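Here is the structure we will look at.
The values are calculated or read from the model by the stated rules, or taken from the named source; none is laboratory data. Everything quoted here is computed from the prediction, not taken from an experiment. No Cβ is skipped: glycine too gets one built from the backbone with ideal geometry, and neighbour counts run over all protein chains shown. Just so you know, the surface numbers come from the protein's heavy atoms only, side chains and all, with ligands and any DNA or RNA stripped out. Shrake-Rupley method; radii C 1.70, N 1.55, O 1.52, S 1.80 Å.
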Amino acid sequence: MTLIWILVALAMVQPILASKVMAAARQRMLAKLEAERKSRVIVLVHRQETMSLLGFPLMRYIDIDDSEAILRAIQLTDDDVPIDLVLHTPGGLVLASFQIARALHDHPAKVTVFVPHLAMSGGTLIALAADEVVMSSHAVLGPVDPQLAGLPAASILRAVELKGVERVEDETLILADQARMALAQIRAGVVHLLEDDRPREQAEELADALSDGRFTHDQGLSPEAARELGVPVTVEMPTLVLQLMGLFPQPMRRSRAVEFSPERRSAH
């Protein structure tokens, strides 16, 4: 029985110890990356978590806690120190995303956003505030069109237009009015983030392309597609950033879905 209790205690303590070891490894990697780039490195990474008791997926997304933490990090950074933000997120609250984006936009030194895998929706809003966006070759950004009641704002307006105002219920008309305001707010916010670095006309064209509903909300925009739209994207992703992402494993996974040998393969 003593041995059983020891094993139970070890099983309870092991996840805590593993988490602390991983956190320490991330801090070492952050310090190494900051020393190499002479910058403040901030990491915003959202993974899909699985609740151990019920077993259903719980999506992480950009929220007010994230914006408060990133704003504190920016406030603790001297004006002449560049900021590097490593970003991996499916999106999140518009308010929180715009708070982060505006704080980055107002930072006097260079701001670089690294996207190793994806920065969709609110993540793209944040990326638009950067002086430079560095993506992996197959990473994606996404449209920033607002969603209301789980529906695209642009589609709500098109549906009302096609059906006719007289044939639409009052609740739908109210939703359409909110959709119109949301589209205008997003567009104005994106133009504000962009117009310092390009003519206003170009800023408005890019804001329209990303927010007016011409893409589905989950459409992934490759580095090439982002460049064609006018986003300043490069694909020179530092190895240290990819190594840092490896220290953010999917939590509470029961088994790995992908296996491979970690050694680099080259032709002989």
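Points to keep in mind about this one:
- Label positions at Ala149 and Met12, each projected 7 Å from the Cα along the C-beta direction, are separated by 4.9 nm.
- Annotation: per residue accessible area for segment 1-153 equals 52 Å², rounded to a whole number [probe 1.4 Å, protein chains only].
- Share, in percent, of DSSP beta bridges within the chain that are antiparallel, nearest 5: 25
- Summed side-chain charge close to Asp131 - residues other than Asp131 whose Cβ falls under 9 Å, Lys, Arg +1, Asp, Glu -1: -1
- The calculated 222 nm mean residue ellipticity attributable to helices in the chain amounts to -16000 deg cm²/dmol, summing -39500 (n - 2.57) over DSSP H runs of n ≥ 4 and dividing by all residues.
- In this structure, Glu36 and Glu201 have a Cβ-Cβ separation that, at R0 = 25 Å, corresponds to a calculated FRET efficiency of about 0.05.
- Bridging of Lys20 to lysines at a Cα separation below 22 Å is possible for Lys32, once same-chain residues fewer than 8 apart are set aside.
- Accessible surface of segment 115-225, 1.4 Å probe, proportion on carbon and sulfur as whole %: 51
- Only Cα pairs under 8 Å and 6+ residues apart enter the sum, and on that basis the relative contact order of segment 88-148 stands at 38 percent.
- For the pair Ala225 and Ala25, the difference between a 0.36 nm per residue extended length and the Cα-Cα distance amounts to 68.5 nm.
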